[in-house]
Amino acid sequence: AQSYWEAYWNAIWNCSYFISRIGTANVDSESDRQRWKAEAHVLRAYYYMLLLRLYGPTLPIEDTPYNMADDFSGLTPASITDLTDFILSDCDSAINTDHYQCRAAARHQGGCLGDQVARDALCGQSVI
């Protein structure tokens, strides 16, 4: 069984990989491409928020997919401010596109995952 740490880092890697490749992928519709990219940004922010809640500010910021052959010795934990800014930046990347379907919900109802992630990151109460 995977630990939360492993499962969430795998999910972050998958989102980062998707974001890095979707720009050149063969997709039928540009609006689909933009929507999927926005959703990947929100999911990555969500998994970062979960890790931050569970483990506190012990996380590096990894926004590009890595290979297992990479040298991880230089990774250092980011500050709580940098982590929160990164989470909010991912949410902004999603909300600022016209193709993100939760855009209206995020503005009016607070019913969108991106909105919830941003609110939790700003509050910071469950982080420490």
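The table below lists the values:
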read-out: Per-peptide average of other Cβ atoms within 10 Å, ordering 65-72, 78-85 highest first; value: 78-85, 65-72
read-out: Length-normalised contact order for the stretch 1-83 - Cα pairs under 8 Å, 6+ apart - percent; value: 34 percent
read-out: Sites Ser73 and Ala25, calculated FRET efficiency, Cβ-Cβ separation with R0 35 Å, nearest 0.05; value: 0.60
read-out: Carbon plus sulfur fraction of accessible area for the stretch 30-72, probe 1.4 Å, in percent; value: 50 percent
read-out: Projected label distance in nm at Thr64 and Asn14, using a 7 Å step from Cα toward the beta-carbon; value: 2.3 nm
read-out: Shape of the stretch 1-79, Cα gyration tensor, a/c cut at 1.5; value: prolate
read-out: Most to least accessible of His99, His41 (protein chains only, probe 1.4 Å); value: His99, His41
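The values are calculated or read from the model by the stated rules, or taken from the named source; none is laboratory data. These numbers were taken from a predicted model, which means no experiment stands behind them. Don't worry about glycine lacking a Cβ; one is built from the backbone with ideal geometry, like all the others, and counts go over all protein chains shown. Quick note on the areas: whole protein, heavy atoms, side chains included, nothing else; ligands and nucleic acids left out. Shrake-Rupley method; radii C 1.70, N 1.55, O 1.52, S 1.80 Å.
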